[in-house]
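Below is one structure; the comments refer to it alone.
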Amino acid sequence: MSNESNFASGKSGAKFFHRKDLYLALVLVAFGAFVYNEAGKFPPAPAVLGDTLNADVFPKILVIILLFLTAIIPFEFKLTPEKIAKIDKDRNEKTLPITWITIFVLLTIVFLTDFLGAVLTMFVTCLIVPLVWGERNYVAVAIYAIVFPACVWFLFNQLLGLYFAPGLLEVFSR
C-alpha cells in the first residue's frame, strides 16, 4: 500500500484536507453559529418543565455536537481512503431535480411560517412534501397532514403549555 492512498484523489485538490468537505464544513459551521445565536433568543421555559432543561439548552447541545462532528469532515478521507474515490464519483453526478424542488418548497414554507403560524405550517408541510415526492395515496396524506400537526399541537400547546404562534388561524379564532 503506497503512501498516496492516505490522501484524497488529485482531482479533489486535497493534501491535508478534502477541499469539498472543507466547504461543506464551513457551511455547517456558519449554520451552527446562526442556530446557536438564535437559540439564545428563546423565551424562558414554562414552569411545568422545571429548571432542568431550558428551551435554549437543547438546541445549543445539538449545535455543539454538530460542530464537533463537522470538525471531522474535512479530514475524514484520511480515515477511510478507500472510499474517497467512490465519494468523489458520487459528488460529480448531477443532483436530482426533486432535491431542488424540495429545497424550494421547504424554503417557501419557512418563508411563510410567520404568516401561516406553527400549526398551519406543519399542516402545509405534511400535505405538500409527500405530494411533491410522488405519494398518490391522497387519503393517507390527508390523514397524516391533519393528525400529525394536531398531535404536536396537543402535546406542546395543551399538555406542556408552550405557545404556538397562531398566524393565519388568529383571524379565524375571532
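Laboratory data are not the source of any read-out in this text; all were calculated from the coordinates shown. These figures come from a predicted structure and were not determined experimentally. As a convention, Cβ positions derive from the backbone with ideal geometry for all residues, glycine included, and neighbour counts pool all protein chains shown.
Pairs of Cα atoms in region 97-172 fall into 5 Å distance bins, from 0 up to the last occupied one, in shares of 3, 16, 22, 22, 20, 11, 5, 1, 0 percent. Across region 131-136, coupling constants 3J(HN,Hα) worked out from phi with the 6.51/-1.76/1.60 Karplus curve, θ = phi - 60°, read 5, 4, 7, x, 5, 10 Hz, and Gly and Pro carry x. In this structure the amide hydrogen of LEU162, modeled in the peptide plane, comes within under 5 Å of the amide hydrogens of ASN157, none closer than 5 places in sequence on its chain. The Cβ shell under 12 Å around LEU24 holds other residues with a net charge of +1, Lys and Arg each +1, Asp and Glu each -1.
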